[in-house]
Amino acid sequence: VQLQASGGGLVQAGGSLGLSCAASGRTLSRYAVGWFRQAPGKDSEFVSAISWSGDSTYYADSVEERFTISRDNSKNTVYLQMNNLKPEDTAVYYCAAATYVRTWSAPVGYNYWGQGTQVTVSS
């Protein structure tokens, strides 16, 4: 499966952005999907994940209650709605997919990765 992340941009603190992760090649409904981010000079950080059915969602503490992950399997797309953005949310955001995830927050558990989309939050 090929993944394409989009929707990044520049926003002021307190603003919102919506990211999309569109799949091609195979139906995304077979895969769990996670979002990760990487800021300059920092390690990759887990942001959120969603099960293949959408019944289970997971969030990093730092984004809980501000970010919402969802999916529309009919559109082969997973979404990440980001509200009340903070300067510390600035990073390149990546989506990743896996047929089976043992640890939702571990990047090594995901088999397929899209290219990143830049999110910049100004103070």
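The values are calculated or read from the model by the stated rules, or taken from the named source; none is laboratory data. Worth saying up front: this structure is predicted, and the values here are computed from it rather than measured. Counting neighbours? That spans all protein chains shown, and the Cβs are built from the backbone with ideal geometry, glycine included. We work out accessible area using only protein heavy atoms, side chains counted, and drop any ligands, DNA or RNA first. Shrake-Rupley method; radii C 1.70, N 1.55, O 1.52, S 1.80 Å.
Taking every residue in the stretch 1-25 that is within 16 Å of residue 96 (Cβ to Cβ) and pairing it with any residue that is open to solvent by 40 Å² or more (accessible area, probe 1.4 Å) and of a type in the set (Phe, Trp, Tyr), at least 6 positions away or on another chain, the pairs with Cβ-Cβ distances below 8 Å are 1/112; 2/112; 3/112; 3/113; 5/94; 19/79; 20/79; 21/79.
Screening 41, 34 for residues that are in contact (Cβ under 8 Å) with a residue 40 or more places away in the chain and either surrounded by 22 or more Cβ atoms within 10 Å (Cβ to Cβ) or part of a loop (DSSP other than H, G, I, E, B) (or both) leaves exactly one candidate, 34. Is the stretch 76-93 home to any residue that is under 24 Å from residue 26 (Cα atoms) and free of Cβ contacts under 8 Å to residues at least 24 places away in the same chain? Looking through the stretch 76-93, none of the residues is under 24 Å from residue 26 (Cα atoms) and free of Cβ contacts under 8 Å to residues at least 24 places away in the same chain.
Candidates in the stretch 51-71 are the residues that are free of Cβ contacts under 8 Å to residues at least 40 places away in the same chain and assigned to a strand (DSSP E or B); of these, the one that is surrounded by the most Cβ atoms within 10 Å (Cβ to Cβ) is 69. Comparison of 48, 74, 122, 105 shows that the only residue that is within 23 Å of residue 9 (Cβ to Cβ) and either open to solvent by 20 Å² or more (accessible area, probe 1.4 Å) or over 14 Å from the mean Cα position of the chain (by Cα) (or both) is 122. In the stretch 90-102, what residues are more than 19 Å from residue 115 (Cβ to Cβ) and either open to solvent by less than 40 Å² (accessible area, probe 1.4 Å) or not in a loop (DSSP other than H, G, I, E, B) (or both)? Within the stretch 90-102, just 101 meets the criteria. Scanning the stretch 14-45 for residues that are under 9 Å from the mean Cα position of the chain (by Cα) and either over 20 Å from residue 91 (Cα atoms) or of a type outside the set (S, T, N, Q) (or both) yields 19, 21, 33, 34, 35, 36, 37.
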